[in-house]
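The values are calculated or read from the model by the stated rules, or taken from the named source; none is laboratory data. All figures in this text were calculated on a predicted structure; none of them were measured in a lab. A quick note on method: Cβ atoms are made from the backbone with ideal geometry, for glycine too, and the neighbour counts reach across all protein chains shown.
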Amino acid sequence: MTDFVNNRAGGAQVGRNVTKIDAFKLARGEPVYTDDVHPAGMLWAKVLGSPHAHARILDVDASRALALPGVVDVAWHRQVKPILHTRAGQSHPEPSPYDTVIMPDKARHMGDRVAIVVAETLAIAEQALGLIDVKYEVLPALTDMDEALARTDVLVHEVADPRGIAEGGRSNVAARIDKQVGDVSAALKTCDHVVERTYWLPRVQASHIEPHVAISWLDEDGRLVVRTSTQVPFHLRRILARILELKEADIRVVKPRVGGGFGDKQEMVMEDIVALMTLRTKRPVRLEFTRTEELTSARCRHPQRIVMTTGVMNDGTIIANRMNVTADTGAYGSHALTVQGNTGQKVLPMYPCANIHFQVTCLYTNNPISGAFRGYGAPQGCFALESHIDEVAKVLGMDRLELRKKNHIRLGDTDPLSAKLGEGREGLSRVIRSTGLETAIEMGCDAIGWTRKRPPSAPHLRRGLGMALAMQGSGIAGVDWGAATVKLNEDGSVNLAVGATDIGQGSDTVLAQMCAQELGISYEKVRVLSSDTDLTPFDVGAYASSTTYVSGGAVVKAAQQMRDQLAGVFAEKWACPAGDVVFGDDNVSCGPDKAMTMAELATHALYAAKMQPAATASHMSNESPPPFAAQFADVEVDPETGEVFLRRFVSAVDCGTPIHPGMAEGQIEGAVSQAIGYALFEEVIVDRAGKVKNPNFLDYKIASALDMPEMVTILVPTMEPSGPYGVKAAGEVPIDGPAPAIVNAICDAVGARLCRIPATPERVWRQIKEAGE
Amino acid sequence: MKIVVKLNGRNREWEAAPGATLLSVLRDGPQEPRMTSVKRGCETGDCGACTVLLDGQPVNSCVVAAARAHGHAVTTIEGLAGDPLMTALQAALVEHAAVQCGYCSPGMLVSLYHLLKECRAAGTTPGDHAIREALSGNLCRCTGYVKPVAAATAVAATLAAVGRAEAGAR
Amino acid sequence: MWELKEYRIAGSIGEAVAMMRRGPGKGVYIAGGTDLFLFPPACDYVVDINHVGMSNIARTPDGDLFIGAAATLHDIATCPLVTGFAGGLVSAAAAHCGNRPVRTTATIGGNLCNALPSADLAPALLALDAVCYIADEDSQESLPLEEFFTGPRRTVLDGRLLVGIALSAASGGWRAAARRLTRSAEDIALVQVAVALEIDGDRVGAARIALGSVAPVPMRAMLAEALVEGELIANLDPDRLADAAAIAAGECEPIDDHRASAEYRREMVGVLTRRLLASVLAGSTDTSPGTDNEGGAA
Ligand SMILES: Cc1cc2nc3c(=O)[nH]c(=O)nc-3n(C[C@H](O)[C@H](O)[C@H](O)COP(=O)(O)OP(=O)(O)OC[C@H]3O[C@@H](n4cnc5c(N)ncnc54)[C@H](O)[C@@H]3O)c2cc1C
Ligand code: FES
Ligand code: FES
């Protein structure tokens, strides 16, 4: 195990709310995002999306478009070499099926790529789309998971994944999982009660406010530069090299400031398009999605149907749990295996028992593409499990809090599933070495008033409380890793280069704090350069909540190495033992009379000792310690209209030792706001023909300031031995619990169990009617 | 068509298509400098990333015709650099960790600036609901609005205190 | 981008209509543009009507309220002449449209002329017997708002200009309340109901029940109104109100769409009408959904 020896230098740079290092320039609106700087001679790209959910693209005639003045190029499948790949943006070897080419000869969802136009202005590019004549052979559209499973005469993918993940050519199954610990069927026969329910999860979209946007050009050496709003610059470089048949050495991916990603920017949604068009035209090319394209052609959270079967004894002991997931990956298999794997892996261990069975069937359909979205499968699983626990408690006539307390995972417990399920292959087993779950439950109960439910605020309303527990991971054990380089300058400042991707969550700031902590300097002395594949060391990118835990580990190691170098230089100059050199408050010293400032030491190193203090370190963890959350909702329901008024929401979260408590809270509050939408109103509605009925913010509602309840956020610090300074991840776990907590509260208020979210007024109203009948 | 506006206090002449939105002219060019604080998030008037002031009132520039600004004053964050109220708001947002990805921040700041200016003129202090109402057109996917509202509340309280002190001095 | 050949700015009502009629090709009026830019119609030119003197809100000497078609929703939401009229029914409706920046430019004329079944000002105005003033190149006409809408996105206008809306002094004293149901705080309404009652001692005088989002056009539930109109307040017990509400529910013609089913919409017309009638009779004015006196002008 790779425990961190926290022999940190003096001063308190971590654990405090320092000023986020990029915040002022963002608040001033300075040109720091991808689209804010346009290279000279830039062309504007637009994608011609398919009007059919499933159709062969027989022929494309672009002559009328090319005749329009200002149109520079049009590309479609006959002109682009089809190299199978996945756009999922994962580590090599990728666990998602290779089912994608840059320009497909068959459209698999409405909006799928048919042709790309580049023109001198956006208006001309848009106009040109209407001048492209396409011959389609329209095929039957599969938009229902069960139909997709049943039919083999209509196949979304006719070619099998070369690595055997998806069953292209034979069926519409994109991924299957069937893992068992113990023997659930046998165990269920011995239980006092068996409770089975089915839960349905909607398709929702990340809806980062900055859409996907990318600009590419050829630099003066003819190398391809892609400046893009991405979470995974290094994966992108690797994938682009392969599918464009370039050397990785000839590609540079630069990530400027990013206006939110939430997983949706882990995917290569458009970088291949701009790169292709730059290679074809030798000119800079820019592409930005409209909100409608975001909602039809970016990625969604996988819709799922989950059947939960739980066997319990009269005293509340859970004996067996089965989770059977049917999921819709849409037109392509991005993250089909791994998201669904997480649905069980990150969720079922909450209530360890000897018999656990986890099954997944993930289907291709002609619906919009599913993919990575904050929580990565866990919000779906958590909704099912935590709704189900309330149902089990009801069957037992037991208090739902007591049932949870009796069964939840504890310090020292082994998570039974993680060894069976890694990132699409055998994973590593996981023992809980830090948990604040008990404290979180206690503090959360107190903050919501669990035992003091308030009366309704009006006679026609009903009040209810609900809760949910959640756990997640901190990076992918044994897979995610990152590197950092530190270098000292003569004024005592430090350049920190990291591959880690700050997408707004503030990782640049947190990593600067950690670096400063190790060197005993102020974080303001650290200049962070992140995510430029030419200039920074490798990192897998910002996903799986890995940045602070994994990339932070690399920063700490690199800083420690450089500190050792500096101790050596100091010891030589002052003739003292290197082991006695102390760093802190921008000073280096050994005893009361041997001291110099960091700047003096740096100047000495560079000009007298003639050495560059610098270090690069890599870090990978074989563990993925779970952060925990206990979340509570206080709602009022109008039983006649089905309206739900969320009054108060409490999150008590154990994310280890927070490096920047304010930003950790911000992660929680933001996650909760997204999850409130998941619970109450967000849904990308797709009709039977595969058309998105609400492809804009007029109709796809995300939470506004007026939708937010009174929010209480409690950090429950723990010391995780495998994390630098005891950190775990904070970004994902708080998005899991709100939906079940809210729905459990609705049930508490009106006695109606919503097995399907979002809990729109109509759904709540209908469920109340049904419960009454 | 030719459009004459007062942009951030300076007269400018734009050449724009008759169907152009104010957002596209401010952000996409070809006129330089591009106002990069004015962001594109939805183009349906819902997200508020493109909020600017038109004659001192907040508008979502993606649903306002560029031609509508002809003969009027348009103010963006760039034009409020150094304004004491805007500076205070920016500092408050930053110090409250209310800026995550920051893509919504300029739009939020324009809305809050307008609210607090209006309240100051009326001698009132906005409460939680008034602040949320003012922010309701600025969608933020990162923060859950908790810290932005707290930041605005803090600035409003400071303004109220200053107002009381000034009244006391008089 | 919206392919327009020309942006015409009119300086007077007459000029606006003339510019519209002049051609060549197809033209539309543009006020705030907040509807037009969402789904730009195919046309050749627009006529900007923000500078023709139609932005005024005024009380006439005999107490009628006149709202110019180009008055913005923000002005309507905050103007004391409107907030003090019929319990602020119209100003509250304006305040619920979109968000603050949208209301800066969005106009009442645009809201009505766009003629969506869900237009938020329509139920409130219908409930107060609003009259529309319409101008052609050389003539003016007025007609009740009920007759203005001819179908979804269709009105009687045919190239003419809506000049403004008038509400009679009498309706200003009616007691009124409204409610809209939505999925999130800021959303296109699923169902809208506005109720206005003239209270005349122990009797109800005029009674108006107006509905939105539940028929091809905003509508009045006249059969339900008849059950209440002229009645002794003492006779309007909960059963009677429930009957009226059920009749209103029967009168509407909702459709299923991705936002809500026809069945739900119809049921909600009943629920909201019943509650609004009760709260208006009880004289409550609180406006927020989910509060005690639920059903005020919210
Ligand atoms: C983010 C957002 C949220 C919204 N939310 C709501 C809501 O909650 N409720 C709601 O009802 N609406 C809503 N709307 C729609 C819209 O803002 C309102 O309907 C607004 O009142 C339209 O006014 P406008 O002046 O902008 O119309 P415009 O876009 O200028 O015009 C709309 C139509 O009316 C015609 N027109 C305008 N004025 C006249 C006139 N005087 N005579 C003849 N024809 C005329 C135009 O030709 C056009 O066809 C929303 C819009 C946005 C962008
Ligand atoms: S871009 Fe204008 S409101 Fe979203
Ligand atoms: S900070 Fe990212 S959208 Fe608000």
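So, in segment B:124-141, exactly how many residues are more than 16 Å from ligand 3 (Cβ to nearest atom) and either buried (at least 24 other Cβ atoms within 10 Å of the Cβ) or not aliphatic (A, V, I, L, M) (or both)?
Our first condition is that a residue be more than 16 Å from ligand 3 (Cβ to nearest atom); within segment B:124-141, this holds for B:124-130, B:133.
Now drop any that are not either buried (at least 24 other Cβ atoms within 10 Å of the Cβ) or not aliphatic (A, V, I, L, M) (or both), which leaves B:124-129, B:133.
Matching residues across segment B:124-141 total 7.
Contact list please: Cβ distance under 8 Å, first residue in segment A:756-773 and within 21 Å of A:Val307 (Cα to Cα) and at the interface with chain C (Cβ under 9 Å from one of its Cβ atoms), second residue part of a loop (DSSP other than H, G, I, E, B) and of a type in the set (Phe, Trp, Tyr), pairs at least six apart or on different chains.
A:Pro758/A:Phe681
Got a number for residues in segment B:1-58 being within 14 Å of chain A (Cβ to nearest Cβ), among the charged types (D, E, K, R) and either in a loop (DSSP other than H, G, I, E, B) or within 13 Å of ligand 2 (Cβ to nearest atom) (or both)?
Qualifying residue count for the region: 8.
Yes or no: B:Gly79 more than 8 Å from chain A (Cβ to nearest Cβ) and closer than 22 Å to A:Lys25 by Cα?
Details: more than 8 Å from chain A (Cβ to nearest Cβ): yes; closer than 22 Å to A:Lys25 by Cα: yes.
Spelling it out, B:Gly79 is indeed more than 8 Å from chain A (Cβ to nearest Cβ) and closer than 22 Å to A:Lys25 by Cα.
Sort out which residues of segment B:95-107 are within 16 Å of ligand 1 (Cβ to nearest atom) and more than 7 Å from chain A (Cβ to nearest Cβ), and write them in order of number.
Start the filter on segment B:95-107 by keeping residues that are within 16 Å of ligand 1 (Cβ to nearest atom), which leaves B:104, B:107.
Of everything in segment B:95-107, just one residue is within 16 Å of ligand 1 (Cβ to nearest atom) and more than 7 Å from chain A (Cβ to nearest Cβ), namely B:Gly107.
Suppose we keep only residues that are in contact with a Pro (Cβ under 7 Å, 6 or more places away or on another chain) and within 30 Å of A:Asp415 (Cα to Cα) within segment A:595-632. Which one would you say is surrounded by the most Cβ atoms within 10 Å (Cβ to Cβ)?
Restricting to residues being in contact with a Pro (Cβ under 7 Å, 6 or more places away or on another chain) and within 30 Å of A:Asp415 (Cα to Cα), the top hit is A:Ala629.
Within segment B:21-29, can one find any residue that is within 13 Å of ligand 1 (Cβ to nearest atom), in contact with a helix residue (DSSP H, G or I) (Cβ under 8 Å, 6 or more places away or on another chain), outside the structural domain of B:Leu139 (by TED's automatic domain parsing) and not basic (Lys, Arg)? Don't jump to the end; show me each part of the working.
So the first thing to find is which residues in segment B:21-29 are within 13 Å of ligand 1 (Cβ to nearest atom), and the list is B:21, B:23.
When the remaining residues are screened for being in contact with a helix residue (DSSP H, G or I) (Cβ under 8 Å, 6 or more places away or on another chain), the result is B:21, B:23.
Pick out the ones that are also outside the structural domain of B:Leu139 (by TED's automatic domain parsing) and you get B:21, B:23.
Filter once more, so that each one left must be not basic (Lys, Arg): B:21, B:23.
Yes, that holds for at least one residue.
Output the residues belonging to segment A:683-708 that are in a loop (DSSP other than H, G, I, E, B), within 15 Å of ligand 1 (Cβ to nearest atom) and without any contact (Cβ under 8 Å) to a residue 12 or more places away in the chain.
Across segment A:683-708, the qualifying residues are A:Leu698, A:Asp699, A:Ser704.
Would you be able to tell me the number of residues in segment A:612-633 that are over 30 Å from A:Leu680 (Cβ atoms) and assigned to a loop (DSSP other than H, G, I, E, B)?
To start, the set of residues in segment A:612-633 that are over 30 Å from A:Leu680 (Cβ atoms) comprises A:612-625.
Still in the running and assigned to a loop (DSSP other than H, G, I, E, B): A:612-613, A:621-625.
Total meeting the criteria: 7.
Go through segment A:634-656 and report how many residues are surrounded by fewer than 21 Cβ atoms within 10 Å (Cβ to Cβ), more than 8 Å from chain C (Cβ to nearest Cβ) and in a loop (DSSP other than H, G, I, E, B).
Residues in segment A:634-656 being surrounded by fewer than 21 Cβ atoms within 10 Å (Cβ to Cβ), more than 8 Å from chain C (Cβ to nearest Cβ) and in a loop (DSSP other than H, G, I, E, B): 1 in total.
Say we look at segment B:108-145 and pick out the residues that are more than 16 Å from ligand 1 (Cβ to nearest atom) and charged (D, E, K, R); which of these is farthest from B:Ala49 (Cα to Cα)?
Checking each candidate, the answer is B:Arg120.
What strands (runs of 3 or more DSSP E) completely inside segment A:270-388 contain at least 1 residues that are over 28 Å from A:Ile746 (Cβ atoms) and in contact with a Phe, Trp or Tyr (Cβ under 9 Å, 6 or more places away or on another chain)? Break it down into steps so the answer makes sense when it comes.
Values: elements: A:285-288, A:304-312, A:318-330, A:355-364.
Correct list: A:285-288, A:318-330, A:355-364.
One line per residue, one yes/no per condition, for (1) over 32 Å from the mean Cα position of the chain (by Cα); (2) of a type outside the set (Ser, Thr, Tyr):
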{"site": "A:Asp586", "(1), (2)": "yes, yes"}
{"site": "A:Thr597", "(1), (2)": "yes, no"}
{"site": "A:Thr616", "(1), (2)": "no, no"}
{"site": "A:Ser624", "(1), (2)": "no, no"}
{"site": "A:Ala629", "(1), (2)": "no, yes"}
{"site": "A:Asp634", "(1), (2)": "no, yes"}
{"site": "A:Leu646", "(1), (2)": "no, yes"}
{"site": "A:Ser673", "(1), (2)": "no, no"}
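Show me the helices (runs of 4 or more DSSP H) entirely contained within segment A:63-175 in which 3 or more residues are within 30 Å of the chain's Cα centre (by Cα).
Working: elements: A:63-67, A:122-129, A:145-150.
Per the criteria, A:145-150.
List the helices (runs of 4 or more DSSP H) inside segment B:63-170, counting only whole elements, that have at least 3 residues being closer than 25 Å to C:Asp35 by Cα. Spell out how you get there, then give the answer.
Details: elements: B:84-95, B:105-122, B:128-135, B:146-169.
Here the list reads B:105-122, B:128-135.
Quick check on this structure: which one of A:Gly499, A:Gly475 is in contact (Cβ under 8 Å) with a residue 24 or more places away in the chain and closer than 18 Å to A:Gly375 by Cβ? Spell out how you get there, then give the answer.
On the way: A:Gly499 fails: closer than 18 Å to A:Gly375 by Cβ.
On inspection, the qualifying residue turns out to be A:Gly475.
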